[in-house]
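For reference, the structure is listed below as structure tokens.
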């Protein structure tokens, strides 16, 4: 298991590279819970034709908060339901399509599934408490879960997104998981599939 260096010590390149290979099941893997919902949030902002700075001003939050939500570094699901209701009202008043907020609710659930898989990778404690075992998932939710991997915009969002706004420089057209996060996601899904009882 990787051990953090005491204050004042530094790790060698080999020790730092070894970190990604030794983080397992909740013992150090960073939790994000927001890549998919953050991207939906960005689409909501763009549907209202607002910049990140304009949205920050509209919602009375810092622009770094908006940037954190959109990138997934700050979990949007952690926002209180009262604040989210106020944000929704302000965004719809500013021109955002109300349908995006129905998708946002599903995106929160998709983030839970993806984050759980990335965090636990090659292990599963009990299949009965797993996010994928609670219900038979609707196609809309499945499309959101697979969006960071396939890059294919879910059909429920295609109907809401009218045109792509002009952006500076290369920007992702869908939620992005790093290579290691994708590897861990697939590894976990295989473990879950093998753990499921077959009749």
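Computed values, structure above
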{"read-out": "Pick from the stretch 34-52, criterion without any contact (Cβ under 8 Å) to a residue 40 or more places away in the chain and either touching a helix residue (DSSP H, G or I) at 6+ places or on another chain (Cβ under 6 Å) or part of a helix (DSSP H, G or I) (or both), ranking: nearest to residue 172 (Cα to Cα)", "value": "42"}
{"read-out": "Some residue of the stretch 139-160 being within 22 Å of residue 97 (Cα to Cα), surrounded by fewer than 11 Cβ atoms within 10 Å (Cβ to Cβ) and modelled with pLDDT under 65", "value": "no"}
{"read-out": "The stretch 53-104 - residue that is touching a residue at least 12 places away in the same chain (Cβ under 8 Å) and not in a helix (DSSP H, G or I) and, of those, surrounded by the fewest Cβ atoms within 10 Å (Cβ to Cβ)", "value": "95"}
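The values are calculated or read from the model by the stated rules, or taken from the named source; none is laboratory data. Treat the numbers as computed from the prediction; the structure is a model and nothing was measured. For neighbour counting, all protein chains shown are included, and Cβ atoms are generated from backbone atoms with ideal geometry for every residue, glycine included.
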